[in-house]
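The structure under discussion appears below in the form of structure tokens.
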Amino acid sequence: MVDETIQVGEQFYILATSSLAHEPTRVVKHGETFAIFDRYGDFHPMRMGGAAGLYHEGTRFLSRFELLLGSRRLLLLSSAVKQDNLLVGVDLTNPDLLEHGEVAVPRGTLHAFRSMFLWDAACYTRLRLANFALNDIDYALTLRYDADFVDIFEVRGTQRPRRGTLRAPQVDSGEVRLSYDGLDGLVRATRLIFAPAPQQVTATQAEFSGRLRPGEPITLDLTIACEMAPARLKLRRRVRERIAAHAEGQEHPLPRVLGVGSGESTGRVSDNGPLSAGSDGQPVRAARPVVLHDYEPMLEIAVSELQSSKDEYGDIYTSNEQFNDWVNRSLVDLRVMVTQTSEGPYPYAGIPWFNAVFGRDGIITAMQLLWVNPAIAKGVLKYLAASQAERTDPQHDAEPGKIIHEVRWGEMANLGEVPFGRYYGTVDATPLFIMLAGMYFERTGDRALIEQLWPNIERALRWIDRYGDLDGDGFVEYLGHSPQGLNNQGWKDSRDAVFHRDGTLAEPPIALCEVQGYVYTAKRRAAGLADMLGNATRARKLQREAEELRTRFEQAFWSEELGLYALALDGAKRPCLVRSSNAGQCLFTGIASRERGQRVARALMAPDFYSEWGIRTLAAGEPRYNPMSYHNGSIWPHDNSLIAWGMVDCGFRTEVGRLMGGLLDASIFVELNRMPELFCGFHRRPGEGPTLYPVACAPQAWAAGAVFLLLQACLGLSICAAAREVRFCQPLLPEFLEEVRIRNLRVDTSSVDLTLKRYGPGVSINIDRREGSVRVVSIK
């Protein structure tokens with residue numbers, strides 16, 4: 001994920017002048033579009049960490065949106081995002097309204113209900129105003145709005161030397177168009193369409209007034225459409241070159257041209273439709289006609305799509321309602337974050353900073369959800385295979401066979417002001433891609449997809465051996481080449497995340513301990529796939545390479561002094577003798593010996609690591625430990641879920657229950673039971689919730705996915721499609737879970753409903769329904 005802890009003044013630092021955690025937010029998303037409202041249904045660029053607004057494809061299309069009664073803000077009654085994350089609903093009422101020093105309209109006389117949802121690059125809003133007095137009341141409503149068209153990296157704090165130009169607003173009786181000529185040759189426009197038309201409208205506000213009778217509410221609808229089109233037939237030189245590069249199959253990001261109603265999604269160049277020739281002979285994309293619909297028909301379409309997406313997941317219900325709230329919130333957050341691309345569903349990383357494809361995040365989220373919904377893994381694998389690097393491009397840290405780190409479509413990415421338009425600066429996504437392919441096949445038996453992906457898997461393996469191992473020592477390390485790219489390229493990618501015991505930063509090339517585990521498992525998984533495809537010779541070679549790596553790893557990374565695996569080896573092959581959670585991620589890959597794995601698990605549950613909320617990324621007492629940092633002492637739910645997954649194989653099942661219990665308690669304290677990207681690593685204090693991190697993403701895909709992997713670890717659950725078996729290996733239900741019911745757990749064309757109940761130290765497994773030939777197996 002993009003580096004967040006670079007020093008102030010350097011590129012890509014997320015500037016925190018105020019906290020996202022300070023004021024509760026209401027977040028909705030559809031495809032490439034998301035919006036962050038406050039509890040009133042408003043937003044303003046000076047609130048909520050400066051991140052509030054309506055965004056589309058990495059640009060803020062509306063930066064201000066405020067409803068006033070006269071010149072005053074209404075009083076908040078209640079506010080919520082519906083359980084399905086589809087719609088924001090806000091109940092408001094009038095404050096006491098004075099005339100000549102006396103109360104003319106008492107508070108609580110008028111009721112206003114606001115609702116907002118997103119669909120296909122547009123925000124649909126409705127206001128219903130009702131009068132509960134016995135007499136008519138004159139009202140005057142004002143809606144204020146503005147559009148700054150800033151790039152998401154500008155919102156994060158990046159300073160640009162120059163920007164494009166705001167066009168003169170276009171104002172009609174029922175419509176306002178605000179637009180911006182980007183330096184990338186695209187016009188970005190925000191259209192506000194009012195129904196009915198306001199009494200007065202300007203470029204910055206609309207006014208509605210009239211007389212409101214008792215029992216006769218009025219309804220005001222507003223559609224806010226995000227539109228993009230070429231500024232002119234002859235595009236700017238840089239954009240023209242990049243379109244031509246894509247037409248030749250080169251690895252560069254391409255500015256996309258969309259109209260509302262196009263229904264297109266991020267992916268390869270083919271997402272944008274056919275190219276046509278411009279007046280200068282260069283390929284140009286014509287804007288699609290804009291088609292807008294009314295509020296109610298569009299809401300019906302959105303609800304219908306939501307219902308169909310619900311059917312793709314199994315149903316989980318437990319005896320603990322608080323746990324159910326956590327599971328349900330995580331499910332709806334994941335359904336929001338999963339975006340349909342040209343290759344299938346892909347979980348975007350997080351809102352607001354990372355609403356985009358991230359290779360590592362997508363893979364890990366797919367792993368977390370694999371037992372619940374393997375279709376996510378299929379979409380991730382296909383997308384990453386389609387975007388796999390084909391050539392060396394130091395500017396974007398790309399090398400043949402490497403799996404992408406992230407894809408961006410904003411103005412700054414289009415212009416190359418940030419390298420992240422199509423950026424490959426990650427050391428771990430490539431072995432993780434191979435791991436996921438092997439896990440997906442075990443879960444589904446989908447041989448056809450593996451046959452399709454096998455050339456990509458082979459290219460990824462060649463990248464590991466040729467480009468990943470920079471010095472030929474048998475370990476995969478990273479050394480960034482892009483002057484604008486990330487210095488650290490593991491999951492802890494902040495500037496100060498990899499260091500020695502005296503606090504000095506490690507010099508590259510850097511070999512992270514957990515990455516060697518990923519490579520070990522990737523080669524073992526690839527060996528299994530090669531054997532399945534009939535290539536026994538290749539399978540034996542890969543298996544041998546994996547075992548040789550495991551031997552070298554134990555010799556080079558284990559520190560008897562720490563009682564843990566070293567965080568990393570630096571460019572001089574000196575171990576970074578730092579107690580970090582990275583060692584815990586070695587457990588689920590199987591590269592750690594059982595005896596040393598148990599020592600790691602035991603150390604991670606000690607008070608210097610375990611805060612009673614979760615395992616810190618760095619042990620208290622280490623030289624760079626800071627519980628308020630991004631990676632050096634904070635708690636990441638996804639990290640904890642991966643560690644718990646590995647603890648099962650070490651026999652630490654009770655500890656897995658403790659980890660799940662700590663995060664369950666955290667979910668009770670955070671708003672909407674929404675697990676954030678991370679929270680601070682302070683030790684748990686009685687009667688208080690976890691300390692929130694000021695600019696954490698929420699929702700965040702792999703944070704939402706954590707509960708499913710934690711539950712899988714507790715249950716010892718695995719699915720083998722070849723044997724058509726659902727397997728439970730020594731399942732454990734912690735004390736806060738008496739019963740777990742799983743409905744519609746699918747294995748190929750079969751499905752099963754199960755109930756697991758705790759009795760004493762054991763767990764009973766009951767089959768409530770079975771369709772097809774799937775078997776349920778309990779392994780002692």
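The values are calculated or read from the model by the stated rules, or taken from the named source; none is laboratory data. Predicted model, so just to flag it, every value in this text is computed and none were measured. Positions of Cβ are backbone-derived with ideal geometry, glycine not excepted, and every protein chain shown enters the neighbour counts. Heads up: the accessible areas ignore ligands, DNA and RNA and are worked out on the full protein's heavy atoms, side chains in. Shrake-Rupley method; radii C 1.70, N 1.55, O 1.52, S 1.80 Å.
Which numbered condition trips up ASP84, out of (1) assigned to a strand (DSSP E or B); (2) open to solvent by 20 Å² or more (accessible area, probe 1.4 Å); (3) closer than 27 Å to SER309 by Cβ?
Evaluating ASP84 over (1) assigned to a strand (DSSP E or B); (2) open to solvent by 20 Å² or more (accessible area, probe 1.4 Å); (3) closer than 27 Å to SER309 by Cβ leaves (1) as the failure.
Identify, by number, the condition in (1) modelled with pLDDT of 95 or more; (2) under 30 Å from PRO24 (Cα atoms) that ARG741 doesn't meet.
In the conditions (1) modelled with pLDDT of 95 or more; (2) under 30 Å from PRO24 (Cα atoms), ARG741 misses (2) alone.
Here are the criteria: (1) farther than 30 Å from ASN328 by Cβ; (2) among the hydroxyl-bearing types (Ser, Thr, Tyr); (3) buried (at least 24 other Cβ atoms within 10 Å of the Cβ); (4) touching a residue at least 60 places away in the same chain (Cβ under 8 Å). Tell me which single one TYR424 does not satisfy.
Of (1) farther than 30 Å from ASN328 by Cβ; (2) among the hydroxyl-bearing types (Ser, Thr, Tyr); (3) buried (at least 24 other Cβ atoms within 10 Å of the Cβ); (4) touching a residue at least 60 places away in the same chain (Cβ under 8 Å), only one is false for TYR424: (4).
Considering only residues that are over 15 Å from the mean Cα position of the chain (by Cα), open to solvent by less than 10 Å² (accessible area, probe 1.4 Å) and not hydrophobic (A, V, I, L, M, F, W, C), which ones fall in region 403-420?
Within region 403-420, GLY410, GLU411, ASN414, PRO419 meet the criteria.
Select, from ASN131, ASN135, the only residue that is open to solvent by 40 Å² or more (accessible area, probe 1.4 Å), more than 39 Å from the chain's Cα centre (by Cα) and polar (S, T, N, Q).
Exactly one residue qualifies, and that residue is ASN135.
Filter region 662-695 for residues that are open to solvent by 10 Å² or more (accessible area, probe 1.4 Å) and either in a helix (DSSP H, G or I) or under 18 Å from ALA592 (Cα atoms) (or both) and give the result.
Scanning region 662-695 gives ASP665, ILE668, PHE669, GLU671, LEU672, ASN673.
Looking for whichever is under 22 Å from HIS56 (Cα atoms), out of contact with any His (no Cβ under 7 Å at 6 or more places or on another chain), exposed (fewer than 15 other Cβ atoms within 10 Å of the Cβ) and without any contact (Cβ under 8 Å) to a residue 40 or more places away in the chain here; the options are GLN159, GLN199. Which one fits?
GLN159
For region 95-128, enumerate the residues that are touching a residue at least 12 places away in the same chain (Cβ under 8 Å), among the charged types (D, E, K, R) and open to solvent by 50 Å² or more (accessible area, probe 1.4 Å).
The answer is ARG107, ARG126, ARG128.
Just the residues that are in a helix (DSSP H, G or I) and within 21 Å of ASP768 (Cβ to Cβ), please, taken from region 296-332.
Those that are in a helix (DSSP H, G or I) and within 21 Å of ASP768 (Cβ to Cβ): LYS310, GLU321, PHE323, ASN324, VAL327, ASN328, LEU331.
Would you pick out the residues in region 124-148 that are closer than 22 Å to TYR55 by Cβ and outside any strand (DSSP E or B)?
ALA147, ASP148
Return the residues of region 598-642 that are among the charged types (D, E, K, R), more than 28 Å from the chain's Cα centre (by Cα) and farther than 19 Å from LEU505 by Cα; say none if nothing qualifies.
Result: ARG599, ARG602, ASP608.
Could you list, in sequence order, the residues of region 309-334 that are within 20 Å of THR365 (Cβ to Cβ) and open to solvent by 40 Å² or more (accessible area, probe 1.4 Å)?
Correct list: LYS310, ASP311, GLU312, ASP315, ASN328.
Considering only region 457-474, state which residues are within 27 Å of TYR383 (Cβ to Cβ) and small (Gly, Ala, Ser).
Listed by number, the residues that qualify are ALA460, GLY468.
Looking at GLY362, GLY350, which is the one that is over 19 Å from LEU87 (Cα atoms) and modelled with pLDDT of 95 or more?
After ruling out the rest, the residue left standing is GLY362.
Those residues that are farther than 30 Å from GLY614 by Cβ, in contact (Cβ under 8 Å) with a residue 60 or more places away in the chain and not in a loop (DSSP other than H, G, I, E, B), I need them from region 531-581; list them, please.
Those that are farther than 30 Å from GLY614 by Cβ, in contact (Cβ under 8 Å) with a residue 60 or more places away in the chain and not in a loop (DSSP other than H, G, I, E, B): MET532, LEU542, GLU548, ARG552.
Among the residues of region 376-392, is any assigned to a loop (DSSP other than H, G, I, E, B) and within 14 Å of the chain's Cα centre (by Cα)?
no
What are the pairs with Cβ atoms under 8 angstrom where one residue, in region 494-507, is over 14 Å from SER580 (Cα atoms) and the other, located anywhere, is among the aromatic types (Phe, Trp, Tyr) and modelled with pLDDT of 95 or more? Sequence gap at least six, or different chains.
Pairs found: SER494/TYR630; LEU505/PHE499; ALA506/PHE499.
Restricting the search to region 375-394, which residues are without any contact (Cβ under 8 Å) to a residue 60 or more places away in the chain and either surrounded by fewer than 24 Cβ atoms within 10 Å (Cβ to Cβ) or among the hydroxyl-bearing types (Ser, Thr, Tyr) (or both)?
Result: GLY379, THR392.
Got at least one residue in region 361-374 being in contact with a strand residue (DSSP E or B) (Cβ under 6 Å, 6 or more places away or on another chain), of a type in the set (A, V, I, L, M) and touching a residue at least 60 places away in the same chain (Cβ under 8 Å)?
No, because not a single residue in region 361-374 is in contact with a strand residue (DSSP E or B) (Cβ under 6 Å, 6 or more places away or on another chain), of a type in the set (A, V, I, L, M) and touching a residue at least 60 places away in the same chain (Cβ under 8 Å).
In this structure, is ARG501 basic (Lys, Arg), over 30 Å from PRO627 (Cβ atoms), open to solvent by 10 Å² or more (accessible area, probe 1.4 Å) and under 33 Å from the mean Cα position of the chain (by Cα)?
no
Here is a check on your reading of the model: is GLY597 within 30 Å of ARG524 (Cα to Cα) and touching a Pro at 6+ places or on another chain (Cβ under 7 Å)?
For GLY597, the condition - within 30 Å of ARG524 (Cα to Cα) and touching a Pro at 6+ places or on another chain (Cβ under 7 Å) - is not met.
Take the residues in region 628-651 that are buried (at least 24 other Cβ atoms within 10 Å of the Cβ) and aromatic (Phe, Trp, Tyr), then tell me which one is farthest from ALA349 (Cα to Cα).
Filtering region 628-651 for residues that are buried (at least 24 other Cβ atoms within 10 Å of the Cβ) and aromatic (Phe, Trp, Tyr), the one farthest from ALA349 (Cα to Cα) comes out as TYR630.
Restricting the search to region 162-188, which residues are free of Cβ contacts under 8 Å to residues at least 60 places away in the same chain and not in a strand (DSSP E or B)?
ARG162, ARG163, ARG167, ALA168, PRO169, ASP172, SER173, GLY174
So how many residues does region 316-366 have that are touching a helix residue (DSSP H, G or I) at 6+ places or on another chain (Cβ under 8 Å), over 23 Å from ARG746 (Cβ atoms) and of a type in the set (Asp, Glu)?
Result for region 316-366: 2.
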